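What follows draws every value from the coordinates through simple rules; no lab data is involved. Every value quoted in this text rests on a predicted model; they were computed, and no experiment measured them. Note: ideal-geometry Cβ built from the backbone for every residue, glycine included; neighbour counts use all protein chains shown.
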Amino acid sequence: MNALIRPLILIQCCYLLAACATSPTGRHQLMLVSEEASIASSKTAYLSTVRELGNAGKLEDDWAINKRVDVITGLLVTEAIKMRPETADWEWSVVVIDDPEMVNAWCMAGGRMAIYTGLITQLDPTDDELAQVMAHEIAHALAKHTAEKMSMQIATSVGVAAVGIASDNTNVALTGAALTAMLAVNLPNSRAAETEADRIGIELAAKAGFNPAAAATLWQKMAKDSGSGSLQFLSTHPAPSNRQQELAQLEPEMRKYYDPSAEHIIYKLD
């Protein structure tokens, strides 16, 4: 082996070992990008995207739709902060994107979210089902999945030598980092990340007063609508065939958290 290559491989291995992290469910994660870096990059990407959508007239202006999304999301964020208290410092926000053909939603690192009108009009979800969608997306942020996907992009395309630039150098040009963050939202999640978001999300929704049975019925609607070709949600959230069954199996455990008669506080979003 070339004498110059051997130490580089050793350095790369050391970076990989140092970049190991543990998710809220105990799963091992590759974290070449810190959560702080992913939040900063996501903020830049989000603000740029929302500004462009606003200029194009693509932000939903229907008061009732926005209010519904804000209330449901606000209830979930209250529980998310209880689960990870440090996220109280996040700039939690959500926009509704006016795109009747797009059935999708997402949450970036730092709590900045979006949902498309197509998901609301095509799936016609109940409030409980809509809460499952948003709780699932919030769960991705709580479990640091944006940083994890950004790390995977670096590890597979740019190389581990770029870790120092991506994770520690706050002076790096955010155009490139923001692009990576936006790509992370649009790339498919791993099956492990999806299972994790399902588990965290259904618990968040139950604690916020939403029926955990809705998680399974939501995916029934997803399955029915998947033949339309517009279900972008399934391209970024791979659905194992037994997903409905797994969520249904979680329901009895989640019942202990579910109390719709309790007082639930709505977090005021940015």
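Pull out a ≥ b ≥ c, the square roots of the eigenvalues of the alpha-carbon gyration tensor of region 41-98, then state rounded if a/c is under 1.5, prolate if not and a/b is larger than b/c, and oblate in the remaining case. Since a/c reaches 1.5 but b/c is at least a/b, the shape of region 41-98 is classed as oblate. Listed by chain and number, the aspartates and glutamates whose alpha-carbon sits under 13 Å from that of LYS224, ignoring those within fewer than 8 places in the same chain, are ASP124.
Stretching LYS256 away from ALA64 to a fully extended chain increases their span by 66.0 nm, per 0.36 nm per residue minus the current alpha-carbon distance. If R0 is 25 Å, the Cβ-Cβ spacing of ASP124 and GLU263 corresponds to a FRET efficiency of close to 0.30. Approximating the spin labels as points 7 Å out from Cα along Cα→Cβ, the GLU36-to-MET83 distance works out to 2.4 nm.
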